[in-house]
1. Under 7 Å between Cβ atoms, at least 6 apart or on separate chains: pull out the pairs that start in region 305-330 with a residue that is more than 12 Å from Ser429 (Cβ to Cβ) and end on any residue that is loosely packed, with under 15 Cβ neighbours inside 10 Å.
2. Six or more apart or on different chains, Cβ under 6 Å: which pairs go from a residue in region 179-198 that's touching a residue at least 60 places away in the same chain (Cβ under 8 Å) to one that's aromatic (Phe, Trp, Tyr) and outside any strand (DSSP E or B)? Could you list them?
3. Specify the residue that is nearest to ligand 2 (Cβ to nearest atom); the eligible residues are those in region 344-368 that are over 20 Å from Pro152 (Cα atoms) and in contact with a strand residue (DSSP E or B) (Cβ under 8 Å, 6 or more places away or on another chain).
4. Scan region 115-127 and report the pairs whose first residue is acidic (Asp, Glu) and whose second residue is part of a strand (DSSP E or B) and within 12 Å of ligand 2 (Cβ to nearest atom), with Cβ atoms within less than 9 Å and a gap of 6+ or a chain change.
5. Do we find a residue being within 16 Å of ligand 2 (Cβ to nearest atom), open to solvent by less than 10 Å² (accessible area, probe 1.4 Å), of a type in the set (S, T, N, Q) and not in a loop (DSSP other than H, G, I, E, B) anywhere in region 129-139?
6. What are the residue pairs meeting all of these: first residue in region 255-272, first residue under 17 Å from Glu219 (Cα atoms), second residue crowded, with 17+ Cβ neighbours inside 10 Å and of a type in the set (Asp, Glu), Cβ atoms under 6 Å, and 6 or more apart or on different chains?
7. Assess whether Ser394 counts as being of a type in the set (Ser, Thr, Tyr) and more than 30 Å from Ile103 (Cβ to Cβ).
8. For Glu376, work out the one condition from (1) surrounded by fewer than 18 Cβ atoms within 10 Å (Cβ to Cβ); (2) at pLDDT below 95 it doesn't fulfil.
Amino acid sequence: MLTAFACAQTPARSGEVESVYPAARSLYLDLHQNPELSSRETQTAAKLASRLRDLGYTVTENVGGTGVVAVLKNGTGPTVMLRTELDALPVEEKTALPYASRIRAKDDSGRDVGVMHACGHDVHMASLFGTAAIMAHSKDTWHGTLILIGQPAEETIVGAKRMIEDGLMTRFPKPDVALAMHVGNELPAGQVGVGPGYRFSNADSLRITIYGKGGHGSEPNTTVDPIVIGARTVVALQTIVSREVKPGDVAVITVGYFQAGTKNNVIPDHAELGITVRSYKPEVRARLLAAIDRITKAEATAAGAPREPKIEHYEATDAVYNDPALAQRMEGVLDSALGKENVIVEDPGLASEDFSFITAQGVPSFYFSLGGANPEKYAEAKSAGVTLPSNHSSLFAPDVDPTLHTGIAAEVAVLRNLLNGSADDLRKSISSGH
Ligand SMILES: [Zn+2]
Ligand SMILES: [Zn+2]
């Protein structure tokens, strides 16, 4: 058993990544030049599906929209899921790279927009494909069931949910562990970022309509001014984080827009606020949402509003949480695969991600980051005290060769480690969720 374990710990064998790299790189270039918007990733999904089928995976398409599920069974053992996203963003690429996207498309509102893989999901797909090839060609290094998924519509946070509603956990073997990787410029290419516990925050989107009574701007006494109520509400909301949340607990409430009125001498009937709420702990999240509700309604009452405000909670994602025991184990695996100096323990961020829907199905998860910055540019930016373009920027441009090499090597290492021993032992070694 010791030998088997030591063998399974072996990262990508010498030449393994090189042997799949040309195909992975050409898939990357193709995907980068042909990005598709969220929920419309038909060509992208088809490209991934056909390549995985050619490798011997059993592939199911159109799972929850354009979702792809590829299963490779290799004897008894744990079931491990690795996820990539499929979608690109309505961003016009300005990198001036020879392979920059020139694609334009109509967005949901019919507007003509540039389309770009500005979040690097093309890196994730190419990496997953390279990993898929290595795993298919080295069945002597692992046993169990490998499930690779291409998830649509991450940017609009509906894709994971739709795949689950379409049977991701019931039509296919339920994973013992789920994995995801995300590229970014926070680390140089060649490195990965890891950490236990919360990785990304809970995110809640609220739309609040405050009702007043409109009228002539010269006769405010005949009106209830929703702009004044809205202004007071915006200021009062600032006291939630500063006065109601325990110092040290992470919480953000941002009013991203405040829209009301049409003309300087008209007092409008209503005002609208758009709010994003971020948190980690469920109890903090509940407190924030309850306080927003209470304050918004009370300000309207205080002003004599004719109707209670309408509060719409139209979007929500849970925090991405790394199972602590699993995260510790994966850190060790990545240390030996990439070198300890290339595995960075990172602080959690306040972005959000719908990978949490998979974790919410009772699947312990590990989400790690992949450095994408050109190492020289990264060092220059660091010494100049500036930051490189972040994900979603029209200038986002991962350093393809070292990034993709590291992504594939990292994924192979973690999969080989997990797809070993028995499913029971794997489950026992993990401290169940949060
Ligand atoms: Zn993104
Ligand atoms: Zn992304």
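1. Note: pairs meeting the criteria are Tyr321/Gly197; Asn322/Gly197.
2. Between residues of region 179-198 that are touching a residue at least 60 places away in the same chain (Cβ under 8 Å) and residues that are aromatic (Phe, Trp, Tyr) and outside any strand (DSSP E or B), the close pairs are Ala180/Phe355; Pro188/Tyr378; Tyr198/Tyr280.
3. Among residues in region 344-368 that are over 20 Å from Pro152 (Cα atoms) and in contact with a strand residue (DSSP E or B) (Cβ under 8 Å, 6 or more places away or on another chain), the one nearest to ligand 2 (Cβ to nearest atom) is Gly349.
4. Asp122/Ala88
5. No, region 129-139 contains no residue that is within 16 Å of ligand 2 (Cβ to nearest atom), open to solvent by less than 10 Å² (accessible area, probe 1.4 Å), of a type in the set (S, T, N, Q) and not in a loop (DSSP other than H, G, I, E, B).
6. Pairs found: Ile267/Asp225.
7. For Ser394, the condition - of a type in the set (Ser, Thr, Tyr) and more than 30 Å from Ile103 (Cβ to Cβ) - is not met.
8. (2)
The values are calculated or read from the model by the stated rules, or taken from the named source; none is laboratory data. Bear in mind that the values here come from a model prediction, so they are computed numbers and not experimental data. In this analysis, Cβ positions are derived from the backbone assuming ideal geometry, glycine residues included, and neighbour counts consider all displayed protein chains. When the accessible area is computed, the model is the full protein with side chains, heavy atoms only, and any ligands, DNA or RNA have been set aside. Shrake-Rupley method; radii C 1.70, N 1.55, O 1.52, S 1.80 Å.
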